[in-house]
Amino acid sequence: MIPDEVVEQVRDAADIVQVIGEYVTLKRVGTDFRGPCPFHQGTHRNFSVSPKKRMYYCFVCHEGGDVFRFLQKRLGVEWPAAVKLVGEKSGIEVREVDTRREGPDPREPLWELNATAASYFQKILWDDPLGASARDYLAQRDISREVADQFGIGFAPREIGLLRNYMNTLGFDEKRLIDSGLVIQGEDGNEPRPRFRGRLMFPILDAMGRNIGFGGRLLGPGEPKYLNSAESPVFSKGKTLYGLNWAKNDVRREDQVLVVEGYFDVVRLMVAGITTVVAPMGTALTDAQAAMLRKLTKNVFLLYDSDKPGLKATFRSGDELLKQGVSVRVVTLPEGEDPDTFVKNHGAAALTAKLREAIDVFERKIQLLRRAGMFSELQKKRRALDRLLPSIRVTTDEIMRDLYLSRASEVSGVAREVLERELSGRSTSRATGSQTAPAPRISPAARVRRGERRAQHGQRGASAERELIRAMLLVRSRVEQIAEKLGEENFHDPQYRAIYHALIAGGPDVSIDELSASLDEESIGVVEDILAEGQTQMDQERTINDSLATLRARELDERAAELDRIIPLADGPQKDKLIAEKETIRKELRATGKNYYKKYRHSGAR
């Protein structure tokens with residue numbers, strides 16, 4: 001077995017034009033090279049080799065692939081031999097290593113399933129009447145079929161059973177579809193339904209070009225506007241960058257990367273010839289994503305929107321990159337423009353000019369604070385420094401850290417020595433409470449442990465917490481009703497508690513994008529999962545009331561357990577008072593019909 005990292009090293013180092021040029025007479029045509037196809041013995045120059053994409057393709061017989069596939073097809077060798085041959089030509093020694101894994105990679109079934117689903121979504125988009133609205137939407141955004149096919153864009157219909165039936169006919173059973181997250185099994189036992197419905201679909205590929213998930217853009221009304229695949233053994237949103245599979249080689253070569261917000265931004269820029277672009281799928285960069293970029297380059301440009309959520313994502317991403325010792329610059333586009341519309345309206349050259357005008361992320365933060373008048377009076381200066389100091393604290397490049405410290409002293413009028421004492425005296429955990437500090441990130445292992453904890457206390461109200469959050473997300477008129485009955489301390493699950501807090505703080509009109517801007521990565525994932533499930537067929541009023549009663553019963557049960565511990569330690573009137581309180585709890589539990597908690601049910605008043 002040849003390790004993946006060695007394969008990537010060989011692929012990156014290979015000169016695909018030189019390798020293929022040994023077997024085909026190639027001539028430069030623009031940025032690509034053309035020649036007669038060696039696979040169907042063509043005589044015209046229909047065979048194209050793209051150095052940027054590191055791919056070849058014949059427009060007649062449709063044979064295509066990377067440098068390894070070319071040698072496999074041309075010379076009839078197996079894949080390991082092709083990798084070794086390219087390695088020899090590129091000056092890299094390739095050795096196979098023993099592996100303890102027997103049989104195929106256990107992730108292959110998920111890659112296969114996602115690739116099959118991607119083909120299905122493309123078929124619906126172009127060959128089915130159900131895709132008409134999506135075709136119209138692409139036309140409105142000036143995305144041609146050629147471009148859509150280049151990125152594998154498809155459409156997921158709203159109909160519940162179509163995807164499942166199609167996949168079943170190809171041998172993908174229902175359990176596999178549910179395990180992959182493409183299909184969701186309703187908690188109430190209703191018919192399973194697709195996670196993605198009525199959405200334009202963007203296949204997400206890993207660095208090796210394997211299908212690991214999807215991003216879906218809603219075409220009709222509803223929330224969230226963008227929805228990603230659920231976490232799985234092959235897909236982790238916080239560890240994936242859309243477009244990295246296409247961009248990585250050019251990022252290395254040009255030693256810079258552009259980070260944008262969305263799929264359309266990546267598509268538009270790449271089609272325009274700006275190929276060093278990736279997107280973190282609608283959220284700020286995580287530490288894992290920042291580390292991925294650091295392996296490719298130390299020069300990062302951030303091209304987020306200039307609205308409040310976009311600025312917050314900009315500075316959260318900036319802090320994550322500063323931790324990696326990366327040079328971070330912010331590109332500011334005209335008001336109302338994003339990278340997609342800007343390049344569409346003004347062209348790639350105009351965006352390249354904007355890159356030259358980009359300013360350091362720390363300087364951009366100062367610029368915005370100045371415009372807001374945050375250095376005009378003492379109390380505002382204090383708050384401004386609370387936003388600047390976290391970025392200085394996380395910066396690992398010693399020279400940049402020193403420059404930031406001097407700059408903060410200059411703009412605030414606070415002595416450098418005082419700021420240094422503040423940096424060393426205040427804990428990082430306290431500082432990260434500021435608006436611009438990066439949100440905490442949850443590791444996959446912690447996610448699994450948290451999932452186990454949810455399962456363990458699932459009978460003690462976790463389902464009720466989820467139903468109340470679902471009601472608050474889907475029907476905003478319920479937020480005030482639920483908030484009147486309980487506070488965030490009644491939510492034991494930290495993600496549900498965070499979402500509850502964000503909904504109350506944001507008000508009834510807060511959008512999902514604005515809500516997500518105030519949540520960490522795992523809480524955003526919970527919101528996406530709940531919204532993907534949508535409205536279940538139930539009596540909403542009854543469900544809310546029942547969930548509130550369940551949480552009240554849990555609260556009573558916990559108090560009863562506490563009384564069990566302290567009653568034996570009390571004596572006299574105090575003991576009688578505690579026993580009376582416990583009897584009151586028993587009566588209230590009976591009245592609610594929720595006296596089923598094991599610990600209390602088998603304990604009597606003493």
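The values are calculated or read from the model by the stated rules, or taken from the named source; none is laboratory data. For clarity, every value in this text was computed on a predicted model and none was experimentally measured. Note: ideal-geometry Cβ built from the backbone for every residue, glycine included; neighbour counts use all protein chains shown.
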Quick check on region 138-161. Is at least one of its residues in contact with a Phe, Trp or Tyr (Cβ under 6 Å, 6 or more places away or on another chain), touching a residue at least 12 places away in the same chain (Cβ under 8 Å), within 28 Å of Asn245 (Cβ to Cβ) and assigned to a helix (DSSP H, G or I)?
no
Is there any pair linking a residue in region 316-329 that is in the same structural domain as Leu302 (by TED's automatic domain parsing) and part of a helix (DSSP H, G or I) to one that is surrounded by fewer than 21 Cβ atoms within 10 Å (Cβ to Cβ) and hydrophobic (A, V, I, L, M, F, W, C), with Cβ under 7 Å and at least six apart or on different chains, and which?
Asp319/Val394; Leu322/Val394; Lys323/Val394
Among residues belonging to region 116-143 that are buried (at least 16 other Cβ atoms within 10 Å of the Cβ) and in contact with a strand residue (DSSP E or B) (Cβ under 7 Å, 6 or more places away or on another chain), point out the one that is nearest to Gly213 (Cα to Cα).
Ala118
Restricting to region 470-496, give me the number of residues that are of a type in the set (Gly, Ala, Ser) and either outside any helix (DSSP H, G or I) or not assigned by TED's automatic domain parsing to the domain that holds Gly507 (or both).
1
Limited to region 227-265, what total is found for residues that are among the β-branched types (Val, Ile, Thr), in contact (Cβ under 8 Å) with a residue 60 or more places away in the chain and either in a strand (DSSP E or B) or under 19 Å from Val343 (Cα atoms) (or both)?
1
Within 22 Å of the chain's Cα centre (by Cα) and either at pLDDT 85 or above or crowded, with 19+ Cβ neighbours inside 10 Å (or both), is that true of Ile544?
no
Collect the residues in region 290-315 that are surrounded by fewer than 20 Cβ atoms within 10 Å (Cβ to Cβ) and either without any contact (Cβ under 8 Å) to a residue 40 or more places away in the chain or under 17 Å from Phe264 (Cβ atoms) (or both), keeping them in residue-number order.
Ala291, Arg294, Lys295, Ser306, Asp307, Gly310
Matching residues, region 167-198, being closer than 19 Å to Ile524 by Cα and in contact with a strand residue (DSSP E or B) (Cβ under 7 Å, 6 or more places away or on another chain)
Leu182, Ile184, Arg195, Phe196
Which one of these does Ala313 not meet: (1) of a type in the set (A, V, I, L, M, F, W, C); (2) modelled with pLDDT of 95 or more; (3) assigned by TED's automatic domain parsing to the domain that holds Gly273?
(2)
Residue check for Leu227: outside the structural domain of Val475 (by TED's automatic domain parsing) and in contact with an Asp or Glu (Cβ under 6 Å, 6 or more places away or on another chain)
yes
Given the conditions (1) within 25 Å of the chain's Cα centre (by Cα); (2) modelled with pLDDT of 95 or more; (3) farther than 23 Å from Leu269 by Cα, every one holds for Val331 apart from (3)
Go through (1) surrounded by fewer than 20 Cβ atoms within 10 Å (Cβ to Cβ); (2) within 22 Å of Lys344 (Cα to Cα) one by one and return the number of the condition Glu191 breaks.
(2)
Region 24-106: strands (runs of 3 or more DSSP E) wholly inside it with 1 or more residues that are surrounded by fewer than 14 Cβ atoms within 10 Å (Cβ to Cβ) and of a type outside the set (Ser, Thr, Tyr) are 27-29
With respect to Leu302, determine if the residue is on the phi < 0 side of the Ramachandran plot and in the same structural domain as Asp386 (by TED's automatic domain parsing).
no
